[in-house]
1. As an exercise, use a Förster radius of 22 Å and the Cβ-Cβ distance of residue 68 and residue 4 to find the FRET efficiency, rounded to the nearest 0.05.
2. Any idea how far apart residue 56 and residue 12 come out in nm if each label point goes 7 Å out from Cα toward Cβ?
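Read-outs throughout are calculated quantities, based only on the coordinates presented, and are distinct from any laboratory measurement. Keep in mind that what you see is a predicted model, and the values were worked out from it rather than measured. Ideal geometry is used to build each Cβ from the backbone, glycine not excepted, and the neighbour counts take in all protein chains shown.
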Amino acid sequence: MKSQLINIDPEIMSGTPVFKGTRVPVKNLFDYIETGETLEEFLDDFPSVKRAQAIQLMDAGLKLLLSNRIGNENSTRRVHSSKIKKGLKRV
């Protein structure tokens, strides 16, 4: 099944995962959230990314993090999960 959110193509940004239909690396969204920037700031800086794309990606990332909890959670997962939740609340 092809992703409707991201594109990985060696011809686009050397295969870096980007938002579908853009040249914006997915990692940029998580970098913004990690440094305390809002979703609005990210969308203003990268207007080719649609709000729905960003929200769907954050939701998918959160679900993936939460589904991978096995026994001992490491602190990195908790930090990233909480930052993703904060990013979603700002929408």
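1. Numbers: r = 22 Å, r/R0 = 1.00.
Computed FRET efficiency for residue 68 and residue 4 comes out at 0.50.
2. A separation of 1.3 nm, rounded to one decimal place.
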